[in-house]
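Enquirer: Take a look at this one; I'll ask things after.
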Amino acid sequence: MAFIEGIIQYDFLQKALMTSIMVGVICGVIGCFIILRGMALMGDAISHAVLPGVAIAYALGINFFFGAVFTGVLTAIGIGFVSQNSRIKQDTSIGIMFTAAFALGVILITVLESSTDLYHILFGNVLAVRPSDMWITLGTGVLVLVSVYIFYKELLVTSFDPTMAEVYGLPVRLIHYFLMTLLTMVTVASLQTVGIVLVVAMLITPAATAYLLTDRLSVMVFLSAAIGASASVIGLYFSFTYNLASGATIVLAATALFFMAFLFSPKQGVVWRKLSAKKKQANAPI
Amino acid sequence: MVSALVLKNVHVSYHGKPAIQEIDLRVEQGNILGIIGPNGAGKSTLLKALLNLVPIDKGSIEILGSTLKENRKKIAYVPQRSEFDWDFPIHVLDTVLIGTYPNLGLFKRPKKKEKDWAYACLEQVGMEKFADRQIGELSGGQQQRVFLARALAQNADLFFLDEPFVGIDVSSEETIIHLLKELKDHGKTVVVIHHDLSKANDYFDQLLLLNKQVIHFGNPQEVLRPEIILKAYERELAFLHEVGVG
């Protein structure tokens, strides 16, 4: 296969593979907590909110990572501030803040006439990953995985029963912002691979797929990471072979895996459910 | 021995509207206290104020002789069943295991010792056969028993239960009340928000009849008298008259 030969032969493809596998893993892990906390929209928001930071970082000539984390976290705090200090609900607040940040980012990119290719930021171009980008992604990945490992217990209880967590003295709000920071870092680390617009899919789709396959959070986290990594490899293959945008192919691979689980999951699968419902009907005494 | 709860002139409001006012209360350790009253009487608000989940406008709350902050780990709270996401990917035993978290502290993970203890608590509520089930697969009564097991796993001195008997089967209700009485015999204090006046007499050592203020506080025989109940439920009765009942 040309893909495997390519990996052995081309340095850029090795970097692309390493980066996208790491992105698949960390998006999968963080995504579990995002969907269980009902924060899918927040994931979308943060990913869009990094755009102005990316633009400014390019203009200043620093690595885009720092600018992106800065505006991402700032937007997360802004969202919390608006919803906690007015009658505006959280999802409305998210809608206001992230579109504002994204719009600002579009203008900044135009005004600063930076050399950044907007198309690549929006949709990803994993085949153009530079060594520094790869190392940042790997470093972020390690940091995120270690954080989740250390605070697994706290993340579990604040997701499942925040009231109990608060009663026994956990800083629930601080943990929320900690998770938002991790989310921002994951988003930024994924920029090159899947791009701003589609990051949310990598956060949600593999986690949702794993959610259909298990009843235990610990298993779900590992499954989600594996599904994310698989989607990345499959997507990269199609991107390389057919010269398509890597973000799009990776996301569609994840979507395909989701629908397989949706139809055939042993416990939750629609197909088995329909079949067992029919069986029950057939066996029911008349 | 210090009192379990001492409340002095406690006021709580939501968005400027008073929810509970002038609550004075002293509960000694080793009692089961029932909090009863009509809908909107502020029962849950009072419980939240006790747990420091809502700020109090005025007054003071003393728990086991000091503040809640110093006694957090001696408190177990069982929320209403409606507050949970029952699709959450967690098994029964892992749910009970969460009860060991407060005493574990940061960075430490539950080990075999904690798991054995969680299993023992599960046995106490008669749910050990369901240890591997996802929590959403249980009936309402079984779910309530699992959350009581989690509270037991916390090794607390004070137990707060919000409407534990709503929508559960008779045998679960019996198991739970039996366990609560056992806790009391071990000197623990139990506070229960309760809906059903009919069984209040058997279940509780003390009753707090609440309707924004303390209508009456005392032993059940004293509180469960028609003229006193009437005082708390006046508005409900007025409504019945309006719609032409009674």
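The values are calculated or read from the model by the stated rules, or taken from the named source; none is laboratory data. Here the structure is a predicted model, which is why all the values come from computation and not from measurement. Here the Cβ positions follow ideal geometry from the backbone for every residue, glycine too, while neighbour counts run over all protein chains shown.
Enquirer: Every residue in region A:50-64 that is surrounded by fewer than 24 Cβ atoms within 10 Å (Cβ to Cβ) and not aromatic (Phe, Trp, Tyr), please.
Expert: Scanning region A:50-64 gives A:Ile56, A:Ala57, A:Ala59, A:Leu60, A:Gly61, A:Ile62, A:Asn63.
Enquirer: Confirm whether A:Tyr119 is more than 14 Å from chain B (Cβ to nearest Cβ), hydroxyl-bearing (Ser, Thr, Tyr) and surrounded by fewer than 19 Cβ atoms within 10 Å (Cβ to Cβ).
Expert: yes
Enquirer: Could you figure out which of (1) more than 9 Å from every other protein chain (Cβ to nearest Cβ); (2) under 28 Å from A:Ser147 (Cα atoms); (3) buried (at least 18 other Cβ atoms within 10 Å of the Cβ) isn't true of B:Ile63?
Expert: (2)
Enquirer: Within region A:33-52, is even one residue over 30 Å from B:Asp85 (Cβ atoms) and in contact with a Ser or Thr (Cβ under 8 Å, 6 or more places away or on another chain)?
Expert: yes
Enquirer: Okay, next question. Name the strands (runs of 3 or more DSSP E) wholly inside region B:55-165 in which the number of residues that are modelled with pLDDT under 95 and of a type in the set (Gly, Ala, Ser) is 2 or more.
Expert: B:58-63
Enquirer: Also, quick follow-up: Only one residue in A:Leu198, A:Leu182, A:Leu244, A:Leu174 is out of contact with any Gly (no Cβ under 6 Å at 6 or more places or on another chain), aliphatic (A, V, I, L, M) and touching a residue at least 12 places away in the same chain (Cβ under 8 Å), so which one is that?
Expert: A:Leu182
Enquirer: Taking the conditions exactly as written (within 26 Å of A:Tyr149 (Cα to Cα), at pLDDT 85 or above and in contact with a helix residue (DSSP H, G or I) (Cβ under 8 Å, 6 or more places away or on another chain)), does A:Val82 satisfy them or not?
Expert: So A:Val82 does not fit the description; no.
Enquirer: Looking at B:Leu106, is it under 18 Å from B:Glu174 (Cβ atoms) and either facing chain A (nearest Cβ under 10 Å) or crowded, with 17+ Cβ neighbours inside 10 Å (or both)?
Expert: no
Enquirer: Out of curiosity, is A:Tyr149 within 14 Å of chain B (Cβ to nearest Cβ) and touching a Lys or Arg at 6+ places or on another chain (Cβ under 7 Å)?
Expert: no
Enquirer: Has region A:7-19 got any residue that is basic (Lys, Arg) and either crowded, with 21+ Cβ neighbours inside 10 Å or assigned to a helix (DSSP H, G or I) (or both)?
Expert: yes
Enquirer: For A:Leu170, are the conditions met, namely being under 16 Å from the mean Cα position of the chain (by Cα), more than 8 Å from chain B (Cβ to nearest Cβ) and surrounded by fewer than 21 Cβ atoms within 10 Å (Cβ to Cβ)?
Expert: No: the conditions fail for A:Leu170.
Enquirer: Among the numbered criteria (1) of a type in the set (A, V, I, L, M, F, W, C); (2) surrounded by 14 or more Cβ atoms within 10 Å (Cβ to Cβ); (3) within 11 Å of chain A (Cβ to nearest Cβ); (4) touching an Asp or Glu at 6+ places or on another chain (Cβ under 9 Å), which one does B:Ala149 miss?
Expert: The single condition B:Ala149 does not satisfy is (3).
Enquirer: Right, something else. Among the candidates A:Gly67, A:Gly72, A:Gly38, A:Gly24, single out the residue that is small (Gly, Ala, Ser), within 23 Å of A:Leu156 (Cα to Cα) and buried (at least 18 other Cβ atoms within 10 Å of the Cβ).
Expert: The match here is A:Gly24.
Enquirer: Identify, from the list B:Glu83, B:Glu28, the residue that is surrounded by fewer than 16 Cβ atoms within 10 Å (Cβ to Cβ), of a type outside the set (Lys, Arg), within 14 Å of chain A (Cβ to nearest Cβ) and touching a Ser or Thr at 6+ places or on another chain (Cβ under 8 Å).
Expert: The conditions single out B:Glu83.
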